[in-house]
Structures are given as C-alpha cells and as structure tokens.
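Each remark here refers to the structure printed beneath this line.
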Amino acid sequence: MGEINVVPYIDVMLVLLIIFMITAPLLAEGVKVELPKAGARPIPPEMLKDAKPIVLTIDDAGRLYLNHGGKDDEPLDAATVEARAAAVLRRAPETTVLVRGDYRVAYGEVVGAMTILQRAGAEKVGFITQPPEKRAR
C-alpha cells in the first residue's frame, strides 16, 4: 500500500510562510515622503504591467533616491541618478518614469530632478501624488 507522507511538505510550507511574513514588511520599507494632494487621474495599469517604473524620490531635505540599481533608501547624487536612469532607459525606453516629491520641497528642486531624468533619456515624466481628502457634507 503506497501512501504519500505529506508531513514534510507541510513543514516546508510553514517555513516558507514564516519567511514571507518576515520579509514582506521589509520590502515595503522606503523613504518617508509626504506627497502633495491632487485630484489627478490614477496611472493606467497597462503602463505598469510590462516593467518596474523608474521612481525618483525627493525627500523633504532635497535628497534624491532611485528605485533602480542599489538600495532604495540610499541617497544619491545627481550624476548617479542620471547614469542609473539612463541605463534602465537604454534597455527599455518605454519604461514609465515618475517623480515622487515631498510637498515641502521647493519647486526648483522638483524641476531639477525632472531635468536629470530628461537628460537620462526620459521623454515623459509623471508625478506621484496623494488623492485629496473627501469633505464631509
């Protein structure tokens, strides 16, 4: 009589579940940014389905962070941001490019970040914002 012993499979499944439960919150960590509120339309899902978008984050101190080619929470200089973004855009020119800027950052710094991305080869640059709060009537 041949039966399959499923106990080892259950043990492996539970270990994997614990590993994913521990690592999932760590993957969601990043740079704390308070986004400006705007009533803009959301990004269409088809723009994000093919490749991971390039997201340039500017924190309240004006430091730049890029989600490609290194740690997401490590501040970078403008030359490094441009080189990494250019490398991604050379491989996949249709990659979506987004700026995620803190609302307290000066407008000139956001424009400077957009200029860095354009020099890297981005033709279109979008902004990530928070939806406005609904007012109670």
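The values are calculated or read from the model by the stated rules, or taken from the named source; none is laboratory data. Computed from a prediction, not measured in an experiment: that's the story for all the values here. Here Cβ is always computed from backbone atoms with ideal geometry, including for glycine, and neighbour counts include all displayed protein chains.
Some values worked out for this structure:
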item	result
Selection from the stretch 111-121 of residues that are part of a helix (DSSP H, G or I) and surrounded by 13 or more Cβ atoms within 10 Å (Cβ to Cβ)	Gly112, Ala113, Met114, Thr115, Ile116, Leu117, Gln118, Arg119
Enumeration of residues in the stretch 45-72 that are loosely packed, with under 12 Cβ neighbours inside 10 Å and in a loop (DSSP other than H, G, I, E, B)	Lys49, Asp50, Ala61, Lys71
Among residues of the stretch 93-119, those that are touching a residue at least 12 places away in the same chain (Cβ under 8 Å), hydrophobic (A, V, I, L, M, F, W, C) and more than 14 Å from Asn67 (Cβ to Cβ), counted	5
Residue list for the stretch 1-36, restricted to those being outside any helix (DSSP H, G or I) and modelled with pLDDT of 70 or more	Gly2, Glu3, Ile4, Asn5, Val6
Search result, residues across the stretch 106-137 that are in contact with a Gly (Cβ under 6 Å, 6 or more places away or on another chain) and among the β-branched types (Val, Ile, Thr)	Val110
Residue within the stretch 85-105 that is assigned to a loop (DSSP other than H, G, I, E, B) and of a type in the set (Lys, Arg) present	yes
Among residues of the stretch 122-134, those that are within 23 Å of Arg84 (Cα to Cα) and either surrounded by 13 or more Cβ atoms within 10 Å (Cβ to Cβ) or modelled with pLDDT of 90 or more (or both), counted	5
Subset of the stretch 93-110 (residues that are surrounded by 12 or more Cβ atoms within 10 Å (Cβ to Cβ) and out of contact with any helix residue (DSSP H, G or I) (no Cβ under 7 Å at 6 or more places or on another chain))	Leu98, Arg100, Asp102, Tyr103, Arg104, Val105, Glu109, Val110
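Residue-by-condition table, conditions (1) acidic (Asp, Glu); (2) touching a strand residue (DSSP E or B) at 6+ places or on another chain (Cβ under 7 Å); (3) under 20 Å from Arg41 (Cβ atoms):
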site: Pro75; (1), (2), (3): no, yes, no
site: Ala87; (1), (2), (3): no, no, no
site: Ala92; (1), (2), (3): no, no, no
site: Gly101; (1), (2), (3): no, yes, yes
site: Gln130; (1), (2), (3): no, yes, yes
